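Structure record follows, encoded as structure tokens.
Bear in mind that the values in this text are calculations on the coordinates, not laboratory data. What you are looking at is a predicted structure, and each value in this text was computed from that prediction instead of being measured. Cβ placement follows ideal geometry from the backbone for every residue including glycine, while neighbour counts extend to all protein chains displayed.
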Amino acid sequence: MDDVITKLYQTSDEKQLSALNNDLVMALFSQNEKDALATQHWSFDVNVPVVVSVMRSAEQKVIPFWLPESGFQKTEHTMKNEQTIYEVWQKSFKSGHVGLGVNGFDQELGMHYFVSVAPQNTNDQLTLSNFFPENQFVENLDNGAFTYHDWDELVLTDVPDALKGQKLLTTTRGRTAESHLIGAFRSSKYPSSANPDQVHLSWSSDPSTGIDIQWRTDTTVATCELKYRVKGTTEEQIVGGERIRLEDRLLMNDRYINHFTARLRDLKPGSTYEYVVGKTADWSSASSFNTSADDNSFSFLWFGDTHYSPKFGEILKLSYEQHPDAAFYSIVGDLVSDGLFRNQWDELFEYSREVFNSIPLMAVPGNHDNRAGLGAQLYRDQFSYPLNAPEGVPTEQTYSFSYKNTLFLMIDATSPMEPQTPWIEKQLAESKATWKIAMFHFPPYNWEEPYFDIQKAWVPLFDKYHVDMVFGGHIHYYMRSKPMKEGKVVSSYNDGTAYIISVGIPNREHEMTPEPYAEFRNATGHLYQYVKIEGTNLSFQTYNNENKLIDSFEIKK
């Protein structure tokens with residue numbers, strides 16, 4: 001696939017790439033390549049003769065070419081989940097190797113096919129082995145079984161009795177992207193160039209003595225540096241940027257870029273620094289940042305889902321103008337709508353370029369950033385965060401940091417909960433911070449889709465160690481809870497936790513079912529939150545895109 005796409009860029013213009021259909025795509029491959037696409041996408045070995053069932057979405061307009069060609073036959077069976085109906089195609093195999101093909105060259109609904117296997121002789125004991133991809137999960141096919149690891153709440157219904165109890169091979173929806181060619185090619189509104197851009201700040205060390213600065217160029221720039229000094233002085237220091245190459249192979253006008261990171265250490269606390277990035281005689285315009293001072297007074301701003309919207313850029317700049325004292329910004333997931341598409345990140349950085357080059361962004365991924373079971377590599381590549389994630393969760397997706405007298409737990413709710421639960425308790429148990437704040441994408445309490453697993457696993461820890469506030473997004477509305485402990489409303493935020501949900505982009509008015517624990521709700525979106533901490537006093541304010549105060553409260557310890 002990679003070779004074919006490279007050849008397409010050499011022989012086709014954007015119009016031709018956009019006009020690809022199934023016949024044109026099939027003509028791109030040799031017979032040997034078609035054989036590989038038909039047998040090497042998903043494979044396993046069986047110890048006895050079997051019947052293999054392939055369940056494919058009936059909404060996929062073009063049947064994967066290899067299904068009928070290799071002898072699979074469509075049956076009368078169907079099954080479904082709440083998203084689609086699946087046809088059942090079957091073929092008998094001898095004992096030995098079973099090889100299956102790609103999902104097709106389109107990406108209808110993003111619903112990859114899944115597989116079940118049953119012995120031809122019901123008395124045979126079936127064993128499956130030698131899986132590709134590795135670490136294949138196998139469960140029993142039945143109503144209530146999930147098929148996609150990136151959406152395990154999406155379960156099967158109406159499974160035919162004749163197929164119940166078969167070995168079910170699960171997958172991820174995102175595997176449809178591996179052979180996506182039809183309607184697949186994109187372009188960036190803001191492609192890279194030799195001039196450094198997308199300059200943004202974050203922390204992976206002590207905010208009083210360090211900062212990380214990142215930027216990109218096109219691939220003609222092999223080396224890039226950062227020059228900095230304390231504001232008002234002339235003594236300058238230069239550090240080299242660590243370079244990695246990023247690829248989005250379906251981005252027609254900017255497939256590869258170089259991404260640079262400079263990690264500044266041993267800075268002076270409570271100081272303002274000026275910096276430029278680039279190289280000798282070709283530096284960027286100057287920007288500045290502040291290191292944390294040795295006191296317990298600071299403020300920060302946070303947002304719910306932003307989805308790379310220009311409207312987020314507008315409210316971000318509004319919040320920056322109204323609250324220039326903010327030490328950093330946070331976004332609680334869904335920074336973009338598809339974390340695999342670098343053109344969306346390009347737009348996010350363009351809309352925020354006059355802010356994140358001077359104020360650090362400390363974010364966590366949402367389900368749109370950690371996309372369709374294919375991970376959040378692009379998210380990790382473009383940010384530099386603490387490397388203290390628990391084992392079993394990719395570094396920089398879950399992390400913690402302390403800013404003055406406050407502990408921030410930045411949790412990736414899209415990754416498995418089990419390894420994160422003891423890590424959360426360890427962070428809280430070892431912290432001596434006055435204030436404790438947790439941020440993650442899926443809100444445990446909400447009107448539409450309460451997360452009972454989070455309520456069961458993490459909320460008791462928030463209660464035990466008294467986490468003051470939990471910030472979330474995902475459900476596009478605003479809600480501040482009353483003080484909550486053990487799932488019940490208590491009298492004071494000194495005894496219970498404030499659970500707050502917000503959204504950073506416009507949202508239409510909609511009806512919501514009652515939430516007896518809610519102190520304040522707002523169905524429309526396009527909001528930002530300003531939090532100020534002064535020792536043992538905390539003030540919280542929520543503003544809309546007209547800078548109208550819509551909610552506020554205080555906590556005094």
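Quick notes
- In summary, the aspartates and glutamates within cross-link reach of Lys7, defined as a Cα separation below 18 angstrom excluding same-chain residues under 8 places away, comprise Asp23, Glu33, Glu178, Glu247, Asp248, Asp254.
- Asp3 paired with Phe520, simple spin-label distance in nm, labels 7 Å along Cα-to-beta-carbon: 6.2
- Quarter of Cα convex hull surface for the stretch 507-557, i.e. mean projection, nm²: 4.4
- Fully extending the segment from Val239 to Glu534 would add 102.7 nm, taking 0.36 nm per residue of separation and subtracting the current Cα-Cα distance.
- Over the chain, relative contact order from alpha-carbon pairs under 8 Å, at least 6 apart, %: 10
- Scanning residues 5 or more positions from Phe401 or on other chains, those with amide H under 5 Å from its amide H are Phe408, Met410, with H placed 1.01 Å from N in the peptide plane.
- Extended-chain gain in nm, criterion 0.36 nm per residue less alpha-carbon gap, Glu511 and Gln120: 135.5 nm
- In Hz, Karplus ³J(HN,Hα) per residue of the stretch 50-65 (6.51, -1.76, 1.60; θ = phi - 60°; x = Gly, Pro): 9, 10, 9, 10, 10, 9, 10, 4, 5, 7, 6, 5, 10, 5, x, 4
- Sequence of His180, His476, His466 once ranked by neighbouring C-beta atoms within 10 Å, starting from the fewest: His466, His180, His476
- Filter on Lys279/Lys317; Lys311/Lys436; Lys436/Lys557; Lys167/Lys456 - keep pairs with C-alpha separation over 24 Å: Lys279/Lys317; Lys311/Lys436; Lys167/Lys456
- Each principal axis of the Cα cloud of the stretch 186-294 was evaluated for its coordinate range; sorted largest first, these ranges are 48, 29, 21 Å.
- Taking a point 7 Å from the Cα of Glu448 along the Cα-to-Cβ direction, the residues of the stretch 287-315 with backbone N closer than 12 Å to it are 305.
- Computed from the alpha carbon atoms alone, the convex hull of the stretch 295-556 holds 117 Å³ per residue.
- Given their separation in residues at 0.36 nm each and the Cα-Cα distance between them, Glu82 and Asn47 gain 9.1 nm when the chain is fully extended.
- Expressed per residue, the C-alpha convex hull volume of the stretch 307-441 stands at 101 Å³.
- Computed FRET value (nearest 0.05) for Ser187 with Ser491, which takes r as the C-beta separation and R₀ as 51 Å: 0.35
- Computed over the stretch 186-294, relative contact order equals 30 percent, with contacts defined as Cα pairs under 8 Å that lie 6+ residues apart.
- Under Karplus coefficients 6.51, -1.76 and 1.60, residue-wise ³J(HN,Hα) of the stretch 168-181 in Hz, glycine/proline x: 9, 9, 8, 8, 10, 4, x, 5, 4, 6, 5, 10, 6, 10
- Using a cutoff of 8 angstrom between alpha carbon atoms and counting only pairs six or more residues apart, the relative contact order for the stretch 114-221 works out to 22 percent.
- By the Stokes-Einstein formula, at 1.002 mPa s and 20 °C, the stretch 2-179 with its Kirkwood radius over alpha-carbon pairs has D equal to 125 µm²/s.
- Between Phe131 and Thr219, the simple label model (points 7 Å from Cα in the Cβ direction) yields a spacing of 3.4 nm.
- Other-chain or far-sequence residues with amide H under 5 Å of His307's (modelled H): Leu335, Val336
- Calculated mean residue ellipticity at 222 nm for the chain: -4000 deg cm²/dmol, from DSSP H runs with n ≥ 4 weighted as -39500 (n - 2.57), summed, divided by the residue count and rounded to 500.
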